[in-house]
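Notes to accompany the following structure.
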Amino acid sequence: MAKNKKNIRINVTTLFFFLIVGFFIVSFFISGRDYMEQAVPEKPISTVLRDIKQNRVEELEVTQDEIVVRYKNDTMARTSKEPQSSVFEILDRAGIDPLSVNISTENPSQFGFITNLVLNVIPTILMIAFFVFLFRQARGAQDSIFSFGQSRAKKFTKSKSSVTFKDVAGIKEAKEELYEMVDFLKHPEKYRRIGARTPKGVILIGPAGCGKTLLAKAVAGEAGVPFFSIAGSEFMEMLVGIGAARVRDLFKNAKASSPAIIFIDEIDAVGRMRSGGVVGGHDEREQTLNQILVEMDGFEPTENVVVIAATNRGDLLDPALLRPGRFDRRISVNYPDLEERESILRLHAQGKPFENNVDWKKVAKRTVGFSGADLENMLNEAAILTAREGKRKITPDILEESATKVKLGPEKRRMQSEEDKKLTAYHEAGHAVVNYNLPHMDPVHRISIVARGMSLGHTLIPPKRDIVHETKTRLIEKITSMLGGRAAEELVFNEVTTGAANDFTQATTLARQMVTEFGMSKLGHVNFGDSLDVINWSRYADKESVSQETLAKIDNEVSRIIEGCYGLAVDILRKNRKRLDAVAKSLVEKENLDQDEFESIMKDGIRKTYRSKPLPTA
């Protein structure tokens, strides 16, 4: 039916086009005829009659109100006559025999009909077609206004989605939870027999790139029920009430297709915690959130419709949205561990040629802290780099380069002076030497003075294992390692540069977290780190959460930690000055040092244990 409508629309458009073209063609001929008539000279009827008497006229062409005279010398003239009078009467009154001249009569209605058609009928048709076009455009605009309240969700069926749980590596627990939700909808009687209620919703919470949206695509591929997908931002429009109307329409469509699944990506766009009335909130967003709450578990709860939502800011969501009866299950989708990274790498490695000496377990250990999206991007960058270099297989060296590129950016071969290279070399050597002499820190993986991104060099220290709990001692050593670059600059050159700005930012952030969130300072086991994003305004309406005296103490504690760690870094470098010079000299010559090369320079030294001075027991 839609195809026939399209054909009809095309035919009407074509007809409209040909009418316009025909109008201009006929108008051209009419104007041409008028031009020809204006080119023929006009003579009085008395002159024409005199020429006929003198036998100079060859033929008379008679129309309704005009006579065209053709002379024997191949010239032409025209004269006018009354439409009611006959040419024979005119000749007879002038005493001229009508048989003495050739007379031809042109049918006046032949060209007059075409002229009337073009000048009257076709313009009328064009005007009607123009107004029809305007009305149709106005109706389309009216429909688009009233369609604001319609849901923008995309509906998927099993045949439209090719992603299944087999295409999702790692996150085994999340897959089991979601597969159970799919099974609820496929076989509800199995659970109802023992009195189980179908969960209303599942919310996926975790960092970006860890597979939340991919899991939703797998659910769409596994489920034998309709799957409605929409982003949280698609509920919001400039018109008030549109978000709530779209929520109603979405759940109405899902109920009509039940059993069904609704997936709302980035739900924090509409599900943020409400303000509590102290400060003004976004009324449109709150109306949308309220409508979602009512649809999920209101007076008329949704039956056989499961809502799956995803967000990487679970701390911002309203508590009413997360309570049982709405989102019954919360699934954390975190960064993959060692085994999960290896399975993700093997999954995305399919279809790409690799050398036989690629050790996927070693690559997985190298990529601690990578998300699933980072791992996929790393293998893709490796394939691109292999093709660019004209190689046929991906080597471990290319994998190492692609991993560094994903985290730090591509190499930038900038022209640096020898002084700049020396400064950068000592800065990075300071990080590495300090890190080497701290007992709880992981080994240095790679040192480079080749610029990447915004940095002129880097020292990579990936964790040997997935760390769940950080200790106070290890955090102190991390800050000390971060400050090793500035300590080397001051020790060697008796000067400081701007290259340590990012180190200070990271060190200060970590030190402030130790004081305000982790309870690792003299201020005791108190959390001072309430996030302004999730602040409860009703609690802070009457009093401030932290006094000015406490804020001053926090600043003093942060400064004490930073200065203590900096003093420890300077002490380590003084005792290892020869090794610092050797590492810096090697960096200036080679630009890059891997773990084995670095440790061979440091092997003659004894790895000492330095006590963490900055935080004595309170």
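Details
- Residue-count net charge about GLY499 - beta-carbon cut-off 11 Å; Lys, Arg +1, Asp, Glu -1: -3
- Per-residue Cβ neighbour rank within 10 angstrom, fewest leading, SER162, SER343: SER162, SER343
- Extended-chain gain in nm, criterion 0.36 nm per residue less alpha-carbon gap, ALA129 and GLU597: 160.3 nm
- Shown for HIS458, HIS427: other C-beta atoms within 10 Å of each C-beta, ranked fewest to most, produce the order HIS458, HIS427.
- When the C-alpha to C-alpha distance is required to be over 27 Å, the pairs from LYS172/LYS255; LYS212/LYS361; LYS175/LYS393; LYS217/LYS362; LYS391/LYS412 that qualify are LYS172/LYS255; LYS175/LYS393; LYS217/LYS362.
- On full extension, the segment bounded by SER85 and SER258 gains 53.6 nm, given 0.36 nm per residue less the C-alpha separation.
- Per-residue Cβ neighbour rank within 10 angstrom, fewest leading, GLU176, GLU470: GLU176, GLU470
- Close amide H partners of GLU58, meaning residues 5 or more places away or on another chain with modelled amide H under 5 Å apart, are ARG70, TYR71, LYS72.
- Annotation for ASN102 and ASP65: the two label points, set 7 Å from Cα along the Cα-Cβ direction, are 2.8 nm apart.
A short reminder: the numbers here are calculations on the coordinates, not readings from a lab. Every value quoted in this text rests on a predicted model; they were computed, and no experiment measured them. Neighbour counts run over all protein chains shown; Cβ positions are idealised from the backbone, glycine included.
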